[in-house]
Each structure stands twice: as structure tokens, then as C-alpha cells.
Amino acid sequence: FIPIEAVREAPLPDASLLMYGEDLQYAWGIRKLGYSSYLCARPIIFDIDMTFSGSHIYGLFDSKTPLYKVYLRIRNSVIISRNNTYQNKLSLWLNIVVWTTGLLTLGFFKRGFTKDFYERLIVIIKAVKHGYNPGTPLPSNVKLPE
């Protein structure tokens, strides 16, 4: 539940996020206004899209997950982290490098070194890089649905 004052005062999410993460960005804006956030330990959400094949980690490496979803999720996570961190820039950069390395390692162990894994590895690395430069256009192999 969000007090109506917070809804009226909170800044709208960054328009460059496009999809994935607007809710997190909005929650950060509410928190910066001094309101509290609460975590629901067992939320019941029915995701009609099932974007990441049941796993937000391994789904990134599933060939059924479109590349634009992989790219935008990673890029937007970096943008949100940059916009809302209390860490200095070096610490944040190191955290993102370690997190990305861990993600790619998990994907490698789950899927092996295939052409599809390699393509997703490149998209994830570009997404991290573009998270630091939000105005960067989508890579040529990442197509948004019409």
C-alpha cells in the first residue's frame, strides 16, 4: 500500500527504462521521499508472460527468452543501480562486474558453451555497458516486438 501523498510526490520512472524495472525505480523514488518500503516474503503473483521461463537467472539463457528481454532486464538493472546506489562509483562498478561474471558462469554451467550462450553473453555484456550509457541504441540483433 502506498499513501496517496507518496503517489503524488514521487518522480515518475526514467522513460529510458522502457520495460523491466519501472516499479523498482518508482519504489526508490518513494523511498527517497522518506516513505518506507516493505517486502512481502511470499507474494502471489500470476505472471501471464512468464518472461524468463520460471527462473530470473537461468531464463536469461533459455533460447525461448527473446534477446530484447535479456538486454532490457540487464541494462535497466544497471541503470537503476547507478541512479539509486549509496556506493561510490568504483564499488558499484566492481559489484556489477562480479555479479555479471557470476551470472555468466551460472549460465555457462546450465547451458554449456553453445552458439546461443555466446550470443546471450555478448548481449549481456553490451547491456551492462549500455547501462552506464543509457542513450546507447539497442544492439542490431536485439529487436523489440512491434
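The values are calculated or read from the model by the stated rules, or taken from the named source; none is laboratory data. Treat the numbers as computed from the prediction; the structure is a model and nothing was measured. Virtual Cβ from ideal backbone geometry, glycine too; neighbours counted across all protein chains shown. Note: accessible area is taken over every heavy atom of the protein model, side chains too, but ligands, DNA and RNA are not part of it. Shrake-Rupley method; radii C 1.70, N 1.55, O 1.52, S 1.80 Å.
Connecting C-alpha atoms closer than 10 Å in a GNM of the chain, tell me which of Tyr35, Tyr132, Tyr20 has the biggest fluctuation.
With Cα springs under 10 Å in the chain, the top fluctuation among Tyr35, Tyr132, Tyr20 is at Tyr35.
Keeping all protein chains in the complex and leaving out DNA, RNA and ligands, what accessible area do you get for Glu22 with a 1.4 Å probe, in Å² to the nearest 10?
70
Please tell me which of these pairs span more than 31 angstrom C-alpha to C-alpha: Lys69/Lys89; Lys32/Lys110; Lys32/Lys143; Lys32/Lys69?
Lys32/Lys110; Lys32/Lys143
Based on DSSP H runs of at least 4 residues, each adding -39500 (n - 2.57), what is the mean residue ellipticity at 222 nm of the chain after dividing by all its residues, to the nearest 500 deg cm²/dmol?
-17000 deg cm²/dmol
Got a number for carbon plus sulfur as a percent of the chain's accessible area, 1.4 Å probe?
62
Sum up the charges of everything whose Cβ sits under 13 Å from the Cβ of Arg120, counting Lys and Arg as +1 and Asp and Glu as -1, but leave Arg120 out.
+4
For the chain, with the dipole built from +1 on Lys and Arg beta-carbon atoms and -1 on Asp and Glu ones, taken about the Cα centre, which of Leu17, Phe113, Thr136 lies farthest toward the positive end?
Value: Phe113.
With every protein chain kept in the model, how would you rank Asp14, Asp23, Asp62 by accessible area, 1.4 Å probe, largest at the top?
Listed by decreasing accessible area, they come as Asp23, Asp14, Asp62.
Please build a GNM for the chain, connecting alpha carbons under 10 Å apart, and tell me which residue among Arg42, Arg31, Arg111 fluctuates the most.
Among Arg42, Arg31, Arg111, the largest GNM mean-square fluctuation belongs to Arg42.
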